[in-house]
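Only the coordinates and a few stated rules stand behind these numbers; no lab work does. Please read all numbers here as calculations on a predicted model, not as lab measurements. With ideal geometry, Cβ positions are generated from the backbone for all residues, glycine too; neighbour counts draw on all protein chains shown.
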Amino acid sequence: MKRIALSAAVVSVLLLTAPASTTAQETGTLAADLRADWAGQHDQIADIADAMPEDAFGYKATDAQRTYGEQALHIVEVNVALLGMLDSPVAAPAINTDATSKADILMAVEQSYTYGAEVLAGLSDAQMLEAVDGRFLGQSTRARVIAFAFSHTMDIYGQMAVYLRLNDIVPPASRRGGL
């Protein structure tokens, strides 16, 4: 137990004293890993949002559920709200949360992920470990808020994959030999 605590302390000191890098090649740091994961998730969400034909963006499996387009917009809205908790000087984009056309919804996805990339680009490892008001999450590190954004998005991604399959469309990740 003492060894684990000592290891955690050493890692914390290293993270807090590591210089922040702004190069695109930066790897192996908390901030760089989160930026890389954000970029990867951007591609994944843009792909799945684009996979549904325009005429099916209003599809929903039951009356109580969101439409396919609303699912994509839900990701956008929650990501922008969560990133807004990180105390970044980057201004949130003005997103049309009432969009219904495929083009407008795909634009909203792009705006939200561009915003996220800009917010994350301004954060060092030390800042990722600082506490912010996570509102419903309570006092949380920025890294925890970002992790919550990732997990929430993947929950909605799963729902979108089901919507595609109910419309006889194979989700993009499955087309590439994924799960």
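Among residues other than ALA103 whose Cβ falls under 12 Å from its Cβ, what is the net charge (Lys/Arg +1, Asp/Glu -1)?
Working: positive: LYS102; negative: ASP50, GLU54, ASP104, GLU110.
Charge balance near ALA103 sits at -3.
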Environment charge at PRO171 (Cβ cut-off 9 Å; Lys +1, Arg +1, Asp -1, Glu -1): +1
Residue-by-residue Karplus 3J(HN,Hα) for the range 43-53, coefficients 6.51, -1.76, 1.60, Hz, glycine and proline x: 4, 5, 6, 4, 5, 6, 5, 6, 5, 7, x
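Provide the net charge surrounding GLY58, with neighbours chosen by a C-beta distance below 15 Å and charges set as Lys +1, Arg +1, Asp -1, Glu -1.
-3
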All Cα pairs of the range 40-131, percent lying beyond 24 Å: 26 percent
Residues with amide H under 5 Å from that of THR141, placed H, sequence gap 5 or more: VAL132
